[in-house]
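Data block below; observations after.
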Amino acid sequence: MPLSPARILIIRFSSLGDIIQLSALAGYLRELYPEAQIHWLTKAAYVPIVAAIPPVDKVIAYEPAGGLKGLISLAHNLRRTYHYDLVLDMHNVMRSLVARLFVGGKKRLVYHKPYFKRFLLFHFHKDIFPKDFHVIDDYCRVLGEISPTVREGTNLRPPAAALAATKEWSRALGEKPIIALITGAAWPLKCLPLPLWEKLIKSLLERFPCEIMLIGGKGDDAAQKLLKAARSPFCHLVPDFSLPEMLAVLSRAKVAIGNDTGFTHAAEALGVNTIFLLGPTGRQGGGYPAKAANSAIELNLPCRPCSQKGDRKCRYERPECFYQMDMEEIIAKVATYLGR
């Protein structure tokens, strides 16, 4: 790209996993333009997560309650104040269209989601994605040719205040390696069923000297049920910490095992050895490890992947994409990450 921008704006309003994967784009921009100021426009709820992305210099909060009028006013203020050289619309929805039109910018680039490819895959099981497709590569290609290692650049850094605030809670877990289990997800069908989590917890506690840290989703009681079922002093439920504090606690884990959800991507970006459990979703929808050292447990079934978000009804009485998973494969991955 011939342009050498001094000020760059990334527009991405949500969600947790997408923002974390886009941290690789922020890192790539920093590599290309070391002196540039990188700003990010996002929903107010996600400001703490964007603030934890090291290359981002400024986070701008959008309050959805302000509606279209509020967004236009915010975009006008940004235009008058910063005169952006490069604006990247990485959401490509109506809100981001309004933002990019009113914020201006010398050059504007838009990420185009692979809707048609996903439609063919999820409705007709015709996969025309490249075999090595990864959504991070797709994001970064808005800038043109990319480095083959760009997806390794997902990166989060917990704030020092959050690390300090959670230090005592984490210290109480003891000296054993911590295995974080991320049991929630926005869509229930993306979640490993409770009986399988129970089986996995039992195996982990039998095989390894470890502390298990349960991280549930918002409004999700699965983690509490698993804590009760485990009946072990080595199994702990993470309190209702703030988002920065959750990152701080998660960063102390040696291994993380999770559904295709935001906190699993967060674990990876924090440098934790991460195992993704992929049921109805897969690489083509964006749910896949970014870093080569991490792992995905998934099955080669004719029915999967069947959706991007786990929002389509399963054709079977139970989700076979989870129930046919080999727990021993997961245990073997954990053993490798623990150096056993």
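The numbers here are math on the coordinates, done by the rules we state, and not lab data. Bear in mind that the values here come from a model prediction, so they are computed numbers and not experimental data. Ideal geometry is used to build each Cβ from the backbone, glycine not excepted, and the neighbour counts take in all protein chains shown.
The label point for Asp127 and the one for Asp326, both projected 7 Å from the Cα toward the Cβ, are 1.8 nm apart. Taken over the C-alpha atoms, the stretch 160-337 has Rg and Dmax values of 15.4, 48 angstrom. With each label modelled as a point 7 angstrom along the Cα→C-beta vector, the Asp220-Ser232 pair spans 1.9 nm. Taken about its Cα centre, the chain carries a charge dipole of roughly 700 debye when the Cβ of each Lys and Arg holds +1 and the Cβ of each Asp and Glu holds -1. Stretched out straight at 0.36 nm per residue, the stretch from Val110 to Glu31 would grow longer than its current Cα-Cα span by 26.4 nm. Inverting the pair-averaged 1/r between distinct Cα atoms of the stretch 7-153 gives 15.9 Å as its Kirkwood hydrodynamic radius.
Each Lys and Arg adds +1 at its Cβ and each Asp and Glu adds -1 at its Cβ; summed about the Cα centre, the stretch 1-109 shows a dipole of about 380 debye.
With R₀ set to 56 Å, the beta-carbon distance separating Arg315 from Ala6 gives a calculated FRET efficiency near 0.60. Of the trypsin sites (Lys or Arg not before Pro) found in the stretch 118-182, those that fall in a DSSP loop while having at most 13 other beta-carbon atoms within 10 Å are Lys126, Lys131.
In the chain, helices alone account for a calculated mean residue ellipticity at 222 nm of -11000 deg cm²/dmol, with every DSSP H run of four or more residues adding -39,500 (n - 2.57). For the stretch 242-340, applying the loop criterion from DSSP together with a ceiling of 10 other beta carbons within 10 Å to the GluC sites (Glu not before Pro) yields Glu317. Taking a ≥ b ≥ c as the square roots of the eigenvalues of the Cα gyration tensor, an a/c ratio of 1.5 or more together with a/b larger than b/c marks the stretch 98-255 as prolate. Which stretch or stretches of the stretch 136-168 have amide N atoms under 19 Å from the point lying 7 Å from Asp240's Cα along the Cα→Cβ direction? 166, by backbone N distance to the label point. Ratio of Rg to Rh for the chain: 0.98 [Cα atoms; Kirkwood radius as inverse mean 1/r over pairs].
Cross-link check: pairs Lys190/Lys254; Lys176/Lys228; Lys190/Lys225; Lys167/Lys190 evaluated at a Cα-Cα cut-off of 25 Å; pairs beyond the cut-off: Lys167/Lys190.
Taking label points 7 Å from Cα along the Cα-to-Cβ direction, Ala165 and Arg79 give a separation of 3.7 nm.
The Glu175 and Ala44 beta-carbon pair, evaluated with R₀ = 41 Å, returns a calculated FRET efficiency of approximately 0.60. Annotation: peptides 21-32, 154-165, ranked by per-residue average of other Cβ atoms within 10 Å with the highest first, follow the order 21-32, 154-165.
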